[in-house]
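This report refers to the structure that appears directly beneath it.
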Amino acid sequence: MKDTPLSNCERDFLLKAIEEKKRLDGRQTYDYRKMKIKFGTDYGCCFVDLGKTRVMAQVSCELVAPKENRPNEGLMFCNIELSPMASPAFELGRPSELSVKLNRQLERCLRNSKCIDTESLCVVSGEKVWQIRVDVHMLNHDGNLMDAISIAAITALCHFRRPDVAVQGDDVTVFSPEERDPIPLSIYHMPISVSFAFFLQGTYLLVDPCEPEERVMDGLLMIAMNKHREICSIQSSGGIMLLKDQVNHHDRKIASVKVSEITELITKALENDKAARKAGGRCGFAESVPQERITALKKEETSVEMTDVTDRASEIVEKAEVPSQTVPSPVVPVPGVGQVGQGLQDTWGLEEEEEEEEDEEGGEEQEEKEITMEVEQHEKDSRGGYFEFSPSIR
Amino acid sequence: MAGLELLSDQGYRIDGRKATELRKVQARMGVFAQADGSAYLEQGNTKALAVVYGPHEMRGSRSRTRHDRAVINCQYSMATFSTAERKRRPHGDRKSTEMSLHLKQTFEAAIMTQLYPRSQIDIYVKILQSDGGNYSVCVNAATLAVIDAGIPMRDYVCACTVGFVDESPLADLCYAEESGGVSSLALALLPRSGQIALLQMDARLHQDNLDSMIEAAMTACKGVSKVLDEVVRQHLQEVSVLSRE
Amino acid sequence: MAADMRLPTARKAVSFSVSSSDRKDLVVPGDVITSDTGFMRGHGTYVDEDKLTASVAGDVQRVDKLICVRPLKTRYNGEVGDVVVGRITEVQQKRWKVETNSRLDSVLLLSSVNLPGGELRRRSAEDELTMREYLQEGDLISAEVQSVFSDGALSLHTRSLKYGKLGQGVLLQLSPSLIKRQKTHFHNLPCGASIILGNNGFVWLYPTPEQQEEEAGGFYTSLEPVSLSDREVISRLRNCLLALAAHKVLLYDTSVLYCYESSVQHQVKDILKPEVMEEIVMLTQQKLLEQEG
């Protein structure tokens, strides 16, 4: 299925908002969306949420023969799967342009910057080396895939542990995790990609564009950096014209700040997971389903100020007129028979006569509805609070 | 690769160039009769052919038609004999698809596509011999081909790769240098306005060094543009002399 | 069978006369033509920070306040009234799509062709269904540009007996800039063949018809065998045209005819040999100069 195009008024609205330094989700120009990092049962399984964008990375390894020209270096392979599950615009079959772009960018970000020590992955020189495979799956697409992918991939690599091996003569023994503790990979540095979206010929720039913003942007600049303020890869895409100083100062400063923030978050997440595993708590994929780790659609727990909610609610309740509780009792002609317009009086053909009356009532009804909505809102906010209110009109 | 000295103490590189020196660029426009535009370009030992067809009616899937501008379709390929190791190169592997994508992006920025609504411009580039800087050579060759086809562009697009060794940038990397593990930066520039059409960088580099690298790349691109300019003017005169006689 | 083989020779460098070596009117993309804001922007130029800048490589042409840059080689840019030769690529509802070397396919509407049965014939639904009988994919036609759409596509018409489907002959696809604009692009050459010099660079060579069939309405194509002598004349003309095109000589009836005359001493197949080609073209150019002067 082709992506449904954005309507012109949506486009104009977004661009206008960007011009006024406002964003759809209330973020500032250089704000990231809320980021969450979670892990699965296995080592090397990582979920990353970036707002509603959600990706999963899984690292695996196997023993393979090394490349001829590099006999004592392990291999690393990245693959990004854009399944139609994440967005109807993704199609199966031939890799799309987007998929190639992301794949290559991740490869460049991880492999070319030599973030893992490939030489330590050598088992028998020229014969057996570990091949580390990073598979990234899109679970939900809401913009800025690259950043989510890069974070998921590097976190999964940090989290991963490969089985221990022993070499005796020509024999290579691979130990199961029960026999010997698996070994973490040696990671030199953590490259993290930060995307900048350009709008209106590069006049405006936003960090972490969400999906609608990605659709109206002119171009994208992806900078991958690590916390040592080293640039690991830069890639511009889309038909933008950059000026030199645009790339130079602004973006890099922001990128380095963002990268150190994200790195900190990853480290914290890894530590938490380590602690949880040590404590023997239940963690993992099976556990993640009830905890809604995989599904993207869930209510975000938002912290709400609740100091005077009760007072205000009761105030509203007091002010509101008591709605009439008369609910016409449904007439059931024969048990088990359904009716259209359950239990209400038949109004066919009477409409014209009753129009006037309805008008009068209509006003009142509306008022009531408004009140109810407001209360409902409060109810939602004060989830877990003690008071209950049953809405009058349903 | 340890042991390979990319920049000697005297300031010379493995092929005897200075740090900021470009390889010799030779080019010729209008090498094919059938195509709307074509060019052949050598940059050192890297050789590329570029052919442009169009603008013409959309062929293939009509759904890609744009009603406000032309669609640019690029295809990059490498000859089987282009590298030291003879290799069958199937169409559409990741690297060449990415390269096609980058070429497309570069030329979408430079060609005035809005003048040709509902049409398509095809740019096909083939590397005949590969000795580093494939992307930049392709861009330079394609620029000449586009000019030969009489398709309006804002400016030339010139590209160059730059490496970073021993605290100094090296312009126009050859294969030995590229594979020597230096951080490299490819830049496509519209020289007159100084606008960057594509920027791509690999490998680790401290951010404070980026400035000098971009600066070096821009200078190198401007150098390339001078050569291309000469080629175009020469071609222009040859043809116009013939038709005026 | 004798094969003709030749060794590679060095390309002769074109010698520039002093006057032409630094011509001011040749520009390349990005060259600033003028920063005077009084001029109007024409084809091949754009305005960048109030400066009129070239976007193609070619020569600058100025008409009053209008500045254009004409590229050396380009696709055909149609103008109303041009004669074109084209190829049908598609039959659609009430229209044919015609490939004319333009940047979009041209359109030939069913309402702008003469159907058999005279000028006043009404077009019925039946005609729509039998469109393919008149012209089908792959047919060559000659036509005139009726109008140009806003996106640059051309609308053609064949509402004259001289236009219509082309029968037996030879098509040559050359650069549109080589065709000289003239009053008529249909010529019955005295050497025994006819030529249509389409403005779009497509040239059609065909045996001179004896009598135009009035009733056919331009869809009649003679399938009678063409005599050997006629075929030879046509082949010779084709090679002459290729020789002229290779040396970028403007094509019109006189230049074609002079070239034909100068080639008579050579065999038809020899005309395309580089040295013969050069000789013939030189002779032609001399004759043209003599005629002018």
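For this structure, a couple of remarks:
- Look at segment B:9-26: where a residue is closer than 16 Å to B:Thr219 by Cα and a partner is acidic (Asp, Glu), sitting 6+ places away or on another chain with Cβ atoms under 6 Å, you get B:Leu22/B:Asp172; B:Arg23/B:Asp172.
- Which listed residue is within 14 Å of another protein chain (Cβ to nearest Cβ) and aromatic (Phe, Trp, Tyr), from C:Phe202, C:Phe149, C:Phe186: C:Phe149
- Among the residues of segment B:36-58, those identified as outside any strand (DSSP E or B) and within 10 Å of chain C (Cβ to nearest Cβ) are B:Asp36, B:Met58.
- If only residues of segment C:50-82 that are within 9 Å of another protein chain (Cβ to nearest Cβ) and not in a strand (DSSP E or B) are counted, the one that is farthest from the chain's Cα centre (by Cα) is C:Ser55.
- Scanning segment B:214-228 for residues being crowded, with 22+ Cβ neighbours inside 10 Å and in contact with a strand residue (DSSP E or B) (Cβ under 6 Å, 6 or more places away or on another chain) gives a total of 6.
- The set of residues in segment A:203-226 that are buried (at least 18 other Cβ atoms within 10 Å of the Cβ) and within 14 Å of chain B (Cβ to nearest Cβ) comprises A:Met217, A:Gly219, A:Leu220, A:Leu221, A:Met222, A:Ile223, A:Ala224, A:Met225, A:Asn226.
- Failed condition for B:Asp93, given (1) more than 18 Å from B:Ala188 (Cα to Cα); (2) crowded, with 19+ Cβ neighbours inside 10 Å: (2)
- The condition of being surrounded by 15 or more Cβ atoms within 10 Å (Cβ to Cβ), at pLDDT below 90 and closer than 30 Å to A:Asp171 by Cα holds for only one of A:Ile116, A:Ile132, A:Ile37, that being A:Ile116.
- All positions within segment C:248-276 that are within 13 Å of chain B (Cβ to nearest Cβ) and either assigned to a helix (DSSP H, G or I) or buried (at least 17 other Cβ atoms within 10 Å of the Cβ) (or both): C:Lys248, C:Val249, C:Leu251, C:Ser255
- Condition met for B:Leu128 (away from chain C (no Cβ under 14 Å), surrounded by fewer than 22 Cβ atoms within 10 Å (Cβ to Cβ) and assigned to a helix (DSSP H, G or I)): no
- Neighbours by Cβ (under 9 Å, 6+ apart or cross-chain): first from segment C:22-35, at pLDDT 85 or above; second among the aromatic types (Phe, Trp, Tyr): C:Val28/B:Tyr156; C:Pro29/B:Tyr156; C:Gly30/B:Tyr156; C:Ile33/C:Phe39
- Of all the listed residues (B:Gly16, B:Gly54, B:Gly60), the sole one being on the phi > 0 side of the Ramachandran plot and surrounded by 19 or more Cβ atoms within 10 Å (Cβ to Cβ) is B:Gly54.
- Residues located in segment B:210-243, provided they are basic (Lys, Arg), more than 7 Å from every other protein chain (Cβ to nearest Cβ) and free of Cβ contacts under 8 Å to residues at least 60 places away in the same chain: B:Lys226
- Options C:Val69, C:Val107, C:Val98, C:Val83: the member that is touching a Phe, Trp or Tyr at 6+ places or on another chain (Cβ under 8 Å), free of Cβ contacts under 8 Å to residues at least 60 places away in the same chain and of a type outside the set (Phe, Trp, Tyr): C:Val107
- Among residues of segment B:124-156, those that are β-branched (Val, Ile, Thr) and touching a Phe, Trp or Tyr at 6+ places or on another chain (Cβ under 6 Å), counted: 2
- The set of residues from segment A:82-108 being buried (at least 17 other Cβ atoms within 10 Å of the Cβ), outside any loop (DSSP other than H, G, I, E, B) and either touching a strand residue (DSSP E or B) at 6+ places or on another chain (Cβ under 9 Å) or modelled with pLDDT under 85 (or both) comprises A:Ser99, A:Lys101, A:Leu102, A:Asn103, A:Arg104, A:Gln105, A:Leu106, A:Glu107, A:Arg108.
The values are calculated or read from the model by the stated rules, or taken from the named source; none is laboratory data. Everything quoted here is computed from the prediction, not taken from an experiment. FYI the Cβ positions are ideal-geometry reconstructions off the backbone, even for glycines, and counts take in every protein chain you see.
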